[in-house]
């Protein structure tokens, strides 16, 4: 389906109508993460949507950090988010935006609300505020400080700002409607006292705006025309609109909500992801088992596959659960096209040729991709000893060719891109384990049909023993073994998959892989798709991005 044939979503319909009516002339969107963690696959849908819409309508999308809570935020998260968004293939005009850029203006607007009798300083503590707020079925009760004179609230707000009030002793609240059916309109908090330095503004502020107060006003300052949020913010929209109606803003943005991405077998709560990191259930935010963008990148998932996956998702007004297999399909499909081929033996078994002695090492040319000449070719060394996988050899001569298309004593198999060989004998250790296969090659069979009377059982991968690179391989499975790790009364940690990581050492890789770097994508023949890990281990470590086919069973 081409872009022309593709049906437009409800947000595109809104934008089209806004442009046609003249409500807007230029489309401005924004992606506004809070820098209190790493981005995950759920954020990717929002990134692709917001930046994609801006591109489609020749507008702009701002990367903006809603850094209103220094208690949980860090510059390291800011740097990681910038890296992730750019890695996904998106950029923005000028420098990133920050809520902290607007702290002075937000404070002036808070003063304006007090002067217009639309805000007041409240001295209820957190527990009292919850009690006064009411419930979903019962109206709230007005704070005893709700009708204090504006001059008194202004003086107290200044006292809060300069650090003369204790944390938790007072807040600035909007004066809206404590009986509203929407709890968000029951005099929400605009400012709270936090006596801590901010990563960008230092010790200048002792009070920080709430997300609800900052969000819409940031949009207005930046000229955002379509503020696109996930569905959980739908109940906050009346508050968003109350601020835009009661403040002298430079522009009037509008908020729209869409269903967020939910993948089964996955957790995307930043709080829970942080718990996985803090409690060392994973090695860090970029652990390849994590659904974070950095974790997916380290695992070898391409930015293109993430974009293609997000583009396939419906932009709807309801939440829905997406099968993780759908995401894996896009990962596998992209790597099948883009990954170079190479060979790596995970469980090596040495093979020695008896009719190769005295010959010089043979150089074999192999294509880097069977269907892409533009990816070129490589030279593979071949000598009298090489490794095959232990699972590709059997002493059982009764195995039928149909059942076992690999190497058997007295029979033939073709080595990928190389010779046909025959297994003649084995060498065993004291325990009776096979440690070496004695074999012979069939001459002149590189790229040629087998001589008459010889038929190879199948094709197997191999690695030359002389030039082999020692390496380790990380095989990943899903981090959780339940489709919904949060289901029922059980804690999500109870559903951690104990087999989510298998480290295979002693592997033998093709020589070309020694020069690989993180971000290079390879299909290890008959094994799966891999990329080099970012670790600084002495020998290369490769992460399995995904298998050649979906073998996962619930």
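Coordinate-derived values only; no laboratory data. Please read all numbers here as calculations on a predicted model, not as lab measurements. We place every Cβ from the backbone using ideal geometry, glycine too, and count neighbours over all the protein chains shown.
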(request) Can you tell me which of 501-507, 227-233 comes out highest on packing, and rank the rest after it, using the mean Cβ neighbours within 10 Å? (result) 227-233, 501-507
(request) Return P(r) of the stretch 10-263 (all Cα-Cα pairs; 5 Å bins starting at 0; whole %; ordered from short to long distances). (result) 1, 6, 13, 16, 18, 16, 14, 9, 6, 2, 0
(request) Determine how many Å³ per residue the convex hull of the Cα atoms of the stretch 135-247 encloses. (result) 135
(request) For the stretch 453-530, restrict the atom set to alpha-carbon positions and state the Rg and Dmax in Å. (result) 18.8, 66
(request) Over 18 Å, how big is the tail of the calculated P(r) for the stretch 185-229, in percent of all Cα pairs? (result) 44
(request) Apply the Debye scattering formula to the stretch 403-554, with a single equal point scatterer on each alpha-carbon and no solvent, then give log10 I(q)/I(0) at q = 0.08, 0.14, 0.19, 0.20 Å⁻¹. (result) -0.36, -0.91, -1.22, -1.26
(request) Based solely on C-alpha atoms, express the radius of gyration and the Dmax of the stretch 35-87 in angstrom. (result) 12.1, 38
(request) Using Cα centres only, tell me the gap between the stretch 465-534 and the stretch 146-217 in whole Å. (result) 48
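For the stretch 196-281, state the semi-axes of the equivalent ellipsoid (square roots of 5 times the eigenvalues of the alpha-carbon gyration tensor), sorted largest first and rounded to whole angstrom. Show your work: numbers first, answer last.
Values: eigenvalues 165, 98, 20 Å².
Sorted largest first and rounded, they come to 29, 22, 10 Å.
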(request) Please provide three numbers in whole Å: the alpha-carbon extents of the chain along the principal axes, with the largest listed first. (result) 101, 55, 42
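With an 8 Å Cα cut-off and a minimum separation of 6 or more residues, compute the relative contact order for the stretch 342-466 in percent. Don't skip to the end; give the middle numbers.
On the way: 264 pairs, mean separation 39.3, N = 125.
Reported relative contact order: 31 percent.
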(request) At q = 0.10, 0.16 Å⁻¹, work out log10 I(q)/I(0) for the stretch 1-125 with the Debye formula, treating every Cα as an identical point scatterer and leaving solvent out; two decimals please. (result) -0.46, -0.95
(request) Over the chain, calculate the relative contact order: mean separation of alpha carbon pairs under 8 Å at least 6 apart, over the residue count, as a percent. (result) 12
(message) What is the distance in Å between the Cα centroid of the stretch 83-125 and that of the stretch 14-42?
(response) 17
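Between residue 55 and residue 379, what is 0.36 nm times their sequence separation minus the Cα-Cα distance? Round to one decimal in nm.
Numbers: separation 324, 0.36 × 324 = 116.64 nm, distance 4.28 nm.
Full extension of this stretch gives 112.4 nm more.
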(request) Apply 1/(1 + (r/R0)^6) to the Cβ-Cβ distance of residue 455 and residue 483, taking R0 = 51 Å, and write down the FRET efficiency to the nearest 0.05. (result) 0.65
(request) Compare the peptides 236-243, 371-378, 185-192 by average per-residue count of other Cβ atoms within 10 angstrom and give them in order, highest first. (result) 185-192, 236-243, 371-378
(message) Can you divide the C-alpha Rg of the stretch 321-429 by 2.2 N^0.38 Å and report the result to two decimal places?
(response) 1.37
